[in-house]
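Note sheet for the following structure.
The values are calculated or read from the model by the stated rules, or taken from the named source; none is laboratory data. Note that the structure is a prediction, hence the values are computed from the model and not measured. Note: ideal-geometry Cβ built from the backbone for every residue, glycine included; neighbour counts use all protein chains shown. Surface accessibility is based on the protein's heavy atoms, side chains included, excluding ligands, DNA and RNA. Shrake-Rupley method; radii C 1.70, N 1.55, O 1.52, S 1.80 Å.
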Amino acid sequence: MYVAVKGGERAIEHAHDWLAQARRGDMAVPDLGVAQIREQLALAVDRVMAEGSLHDPDLAALALKQARGDVIEAVFLIRAFRTTLPRFGASVPVDTGDMQIIRRISATFKDAPGGQVLGPTFDYTHRLLDFDLADGVAPPPAPEAAASPDPVPHILSHLGEEGLMQPEPAGDAENAQDVPDLTRAPLEFPASRPLRLQALTRADEGFLLSLAYSTQRGYGRNHAFVGELRIGHVRVAAHMPELGFDIEFADILVTECETVNQFQGSKSEPAQFTRGYGLVFGQSERKAISMALVDRALRARELGEDMGDAPAQDEEFVLSHCDNIQSSGFLEHIKLPHYVDFQAELELIRKLRRDAGAVREAAQ
Amino acid sequence: MTPLLQVENLSKHYGAHLGCGDVSFALWPGEVMGIVGESGSGKSTLLNCLAGHLRPDAGRVLFDTREDGPRDILGMTEAERRWLARTDWAFVHQNPRDGLRMNVSAGGNVGERLMAVGARHYGDIRAQASDWLERVEIDVGRLDDRPRAFSGGMQQRLQIARNLVTGPRLVFMDEPTGGLDVSVQARLLDLLRGLVRRLGLSAVIVTHDLAVVRLLADRLMVMKDGRVVEQGLTDQVLDDPQHAYTQLLVSSVLQV
Amino acid sequence: MTAYNFAYLDEATKRMLRRAILKAVAIPGYQVPFSSREMPMPYGWGTGGVQVTAACLVPEDTLKVIDQGADDTTNAVSIRKFFQRVADVAVTERTAQASIIQTRHRIPETPLIAGQILVFQVPIPEPLRFLEPREVETRVMHALEDYGLMQVRLYEDIARHGEIARAYAYPVRVEGRYIMDPSPIPKFDNPKLNNSPALQLFGAGRECRIYALPPFTRVESLDFDDYPFSATKAAGQSCALCGSTVSYLDEVITDDAGGRMFVCSDTDYCAARVAAGSTEDAA
């Protein structure tokens, strides 16, 4: 009798053992190595790094293995690890103009200095299942060319020179420490654009994709051209005040998207193009484009555009709901026992029904 | 006697565009001031500046407060302005949806201002709400219905009841008959005239409808392109307009 | 667990939390924003309470963790084990022996005493949230004591149901100033908030808010003069194990023929009464 809430501790231990066994699966099948995940499921690794806000492919691969391939669970593992790490400081802003490019396309100019580079993309592949892969056939070697030693300037900088592109406030390497840090200060509204961009770059890819799509379908429409999408390696450096110069400490793969959006201008400002901006760890171009569209949508108020009820233009709505660790945690907490509040609700409903019954009887 | 509201050199720009410029007037207790003009004339901008919804660029708006006498509302804290807005002031919007809580019952709508200033007796609040429904000619049996189920005219009358329940000393009205059918307008005007006379309300009414000011306003200001072009007693301005624009305005509508 | 600091969080983070807690104690009922950390358990599962507890814990503490009033519900077990692992503190199931009690959805039946800290896990700290979804607007409403709308909601309940139809998370006013969400405790527990000798701390991790009731704070449940608040629970039932008629009871379905029994939700209270041989009404 009455075992409903007893035995929690043993049940938890046994559930964990079962989970570990289920994670491993059939022991006759070889164990999956972390290096295999890092090399062969690289885009999943990239997504875990981006949404986990921690650039470490090996840890992200380990998290994916531990999470049985559940990306949000893997992101959660990374976030919970990240939060215990000491924070030494902020890097100087990465210079994406100095990127070692593996992919670079523009939808606005047919050609530009540096050219268009398709790179390792799914675009233009036919989505046919490749049964050779099932047999583990090695791919033929891809042709190679010498890398260009010159930096590849941003395409939108050419519009900027003409004054057609709204300039962004200049980055200030000296004061990099003053940039707000979402992970060290509570999110308060209204948020600045740097804070919004931080939230978006670690936001859930699916959520941003849907929001960006909604702007394209007219909920806060502002037609976007992909001015430039570039993927490649950038150097990360920190300024050392004691030494008086910067020290490079990492070389990371990032995806950057800049959209060109129209702006009608106002009484005080002539018409010009404005920018939506996306920057994401790893090769994550769907996320980077989505981020740029949502960033631009969130600038509606600042640019004095018509504000309807479009969710993508609503800063509180977007930033309060974009984090998948917050949302999945809160969503799933309704699995926890709610005996007490449900009991209170149950008694209230019974009482209201009793009272209503008494009123009906009295009326008859 | 002290004016209830004293407006001095009030100006508001939107970028380079003039919203309203250099407006001055005094409103005396028990007086109804009408502000007329076509859309874009600056009359709504002026009203919103007076009611504290918009911040003017220049000028003063002195309100004769109960405790401290005349005070510039622009120098008040947001808390003081909000307190005024739910006690001594009332604001009737053109669209009742902007002035009502559509998912709250009629009784709750009327009772909100009472509760906001501390009323905590359910029975009393309900009795006052019923009394006000009667005064604005809404069947008391609708007390627990939500305004969604009401006609446009009923919604507007409910909005008026919700505003007047705390006995405000100054009422701002923005096109109170704006969205209504002609026959419904007439009934509402009749009701408003009765309330204004019985309660001795002081009010500032913005409208493009000369019939509204003819019936309700003691004095009139005519606005064009953000400026006041003529003001005076209502009958005087309407019957003997001096400014060319006022003459055009008066001649362009049917006489009432 | 040498890789982690005492009580998991690093000292800089604890300092940040303690500053927020001190501010919350200084302004009873006011929601202090704090920089909530990702914790190794999901948001919504007590991360706010865990962070507050971690910031308060010292090695000499004795910790009790309850969920739904019980020490052995799964999430209570999980959080208690977490602190045993990362802080190696003594734990107890006895309310009277605990120096810190972390709770979800209940206040223990045994009256708390001076020196104890009760830490609540809070899912939605904003009592005005479901009247006004925007944080920018609700913060202004609190700042200006613009609480008419909250009372309207209670008015609507009476107009429709004949009483205030809120069974848990029943809003309270703290020291006549801030309206506060007491977390989803049943309204039966609301009177225990008032004038308590213990320090009561509330942590909402996902929403980044901490608030507090210092000892002996006046806490009033919102109501109308002619519809006064009453801390009711199911009438005429007693605990099938200890016989208490005054404690809060959980309903347990015992068979598929509609059989039901009621047992204390506070397992420590119930077990102590059973051990003392009492099956009569508690005083």
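Each row is one residue, and each column tells you yes or no for (1) of a type in the set (Lys, Arg); (2) in contact (Cβ under 8 Å) with a residue 24 or more places away in the chain; (3) on the phi < 0 side of the Ramachandran plot.
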residue	(1), (2), (3)
A:9	no, no, yes
A:37	no, yes, yes
A:75	no, yes, yes
A:82	yes, yes, yes
A:87	yes, yes, yes
A:110	yes, no, yes
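Scan the range C:90-108 and tell me whether some residue there is within 14 Å of chain B (Cβ to nearest Cβ) and assigned to a helix (DSSP H, G or I).
Among the residues of the range C:90-108, not one is within 14 Å of chain B (Cβ to nearest Cβ) and assigned to a helix (DSSP H, G or I), which makes the answer no.
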Requested in this report: Identify, by number, the condition in (1) within 19 Å of residue C:9 (Cβ to Cβ); (2) open to solvent by less than 10 Å² (accessible area, probe 1.4 Å); (3) out of contact with any Gly (no Cβ under 6 Å at 6 or more places or on another chain); (4) not β-branched (Val, Ile, Thr) that residue C:102 doesn't meet.
Outcome: (3)
Report task. Given the conditions (1) β-branched (Val, Ile, Thr); (2) modelled with pLDDT of 90 or more; (3) over 22 Å from the mean Cα position of the chain (by Cα), report the number of the one that residue A:108 does not fulfil. Result -> (2)
Report task. Could you please give the count of residues in the range C:138-161 that are open to solvent by less than 40 Å² (accessible area, probe 1.4 Å), at the interface with chain B (Cβ under 8 Å from one of its Cβ atoms) and part of a helix (DSSP H, G or I)? Result -> 8
Query raised in the report: Can you pull out the residues in the range C:206-245 that are of a type in the set (A, V, I, L, M) and either crowded, with 20+ Cβ neighbours inside 10 Å or touching a residue at least 60 places away in the same chain (Cβ under 8 Å) (or both)?
Result: C:210, C:212, C:213, C:219, C:222
Query raised in the report: Conditions: (1) under 14 Å from the mean Cα position of the chain (by Cα); (2) more than 11 Å from residue B:173 (Cβ to Cβ); (3) open to solvent by less than 60 Å² (accessible area, probe 1.4 Å). Residue B:207 meets all but one. Number of the miss?
Result: (2)
Report summary line: (1) under 17 Å from the mean Cα position of the chain (by Cα); (2) crowded, with 17+ Cβ neighbours inside 10 Å; (3) modelled with pLDDT of 90 or more all hold for residue B:59 apart from (1)
Requested in this report: Pick out the one residue from B:157, B:227, B:142, B:135 that is out of contact with any Cys (no Cβ under 7 Å at 6 or more places or on another chain), more than 30 Å from residue C:158 (Cα to Cα) and not small (Gly, Ala, Ser).
Outcome: B:227
Query raised in the report: So which residues in the range B:92-137 are buried (at least 18 other Cβ atoms within 10 Å of the Cβ), in a loop (DSSP other than H, G, I, E, B) and β-branched (Val, Ile, Thr), if there are any at all?
Result: B:104, B:136
Requested in this report: Quickly run through the range C:168-195 and pick out the residues that are under 24 Å from residue A:350 (Cα atoms), open to solvent by 10 Å² or more (accessible area, probe 1.4 Å) and touching a Pro at 6+ places or on another chain (Cβ under 8 Å).
Outcome: C:168, C:169, C:184
Report summary line: Okay, helices (runs of 4 or more DSSP H) sitting entirely in the range A:100-208 with 3 or more residues that are more than 23 Å from residue A:283 (Cα to Cα) and open to solvent by 60 Å² or more (accessible area, probe 1.4 Å), I get A:131-134
Query raised in the report: Which fully enclosed helices (runs of 4 or more DSSP H) of the range A:300-364 have 3 or more residues being open to solvent by less than 80 Å² (accessible area, probe 1.4 Å) and under 21 Å from residue A:275 (Cα atoms)?
Result: A:315-321
Query raised in the report: Quick check, is residue C:33 surrounded by fewer than 19 Cβ atoms within 10 Å (Cβ to Cβ), touching a residue at least 24 places away in the same chain (Cβ under 8 Å) and of a type outside the set (D, E, K, R)?
Result: yes
Requested in this report: For residue B:185, state whether it is in a helix (DSSP H, G or I), open to solvent by less than 40 Å² (accessible area, probe 1.4 Å) and over 30 Å from residue C:148 (Cβ atoms).
Outcome: yes
